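See structure below.
What follows is calculated from the coordinates using simple rules that are stated; it is not laboratory data. Computed from a predicted model, the values in this text were never measured in an experiment. All Cβ positions, even for glycine, are placed from backbone atoms using ideal geometry, and neighbour counts span all protein chains on display.
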Amino acid sequence: DGTVAVSGRDTGTVTVLDIGTGAIRATIPAAGGPTSVAIAPDGTLAIGSSEGITLFERDTYAPLASFSGDGIAADGSLQFSADGARLLSVEHTTGGATRYDVLTNLAVWDVGQHRELWRSSPDARCFDTAIVASNVLCSGRSPALAFELETGRPSPSVLSAHPGFTQDLAISPDHTTL
């Protein structure tokens with residue numbers, strides 16, 4: 001809702017700040033240390049760590065649900081879909097001779113059912129990811145990879161006409177413009 005900022009700290013906590021006043025609204029412990037955070041459109045907070053992902057209630061920051069398992073946001077990023085019903089988790093690991101050879105595990109979660117919908121193969125090699133409309137985009141190849149948000153099946157990439165390598169992706173708040 002644009003009223004809070006969230007940051008992970010090397011103290012093993014996540015701090016929720018009121019943007020208007022700068023006051024700390026909450027300090028939340030993150031088992032394994034926080035590595036990624038995301039805020040859903042309804043204010044639900046997701047915190048990723050080496051031990052999994054935990055969802056927290058918007059006003060009290062009480063835990064709502066947890067997702068765990070191998071490759072769950074161990075050092076990657078989190079992103080909610082525009083409606084908050086899906087959560088994309090990304091784990092990056094170096095897998096080659098150069099720093100640019102990045103292996104990526106993508107997983108999409110059903111937030112309401114607290115379960116994994118799908119997971120990519122561990123060699124997706126993404127530099128950045130984004131949920132755009134009903135697709136998950138994975139930059140770093142030419143053309144960028146795309147997966148259907150609900151099934152994980154390969155999908156035609158909206159970046160297929162973009163020549164060459166794509167590193168960073170940015171999306172509009174409504175997830176319709178890349």
Which distance in nm do the two modelled labels at ARG58 and ALA133 give, with both placed 7 Å along the Cα-to-Cβ direction?
2.8 nm
Give the long-range amide H neighbours of ASP128: residues separated by 5 or more places, or on another chain, with amide H under 5 Å away, using H modelled in the peptide plane at 1.01 Å from N.
SER139
Rounded to the nearest 0.05, what FRET efficiency is calculated for ARG25 and SER66 with R0 set to 25 Å and r the Cβ-Cβ distance?
0.70
Length gain on complete extension for the stretch GLN167 to ARG9, per 0.36 nm per residue less the alpha carbon to alpha carbon distance?
54.3 nm
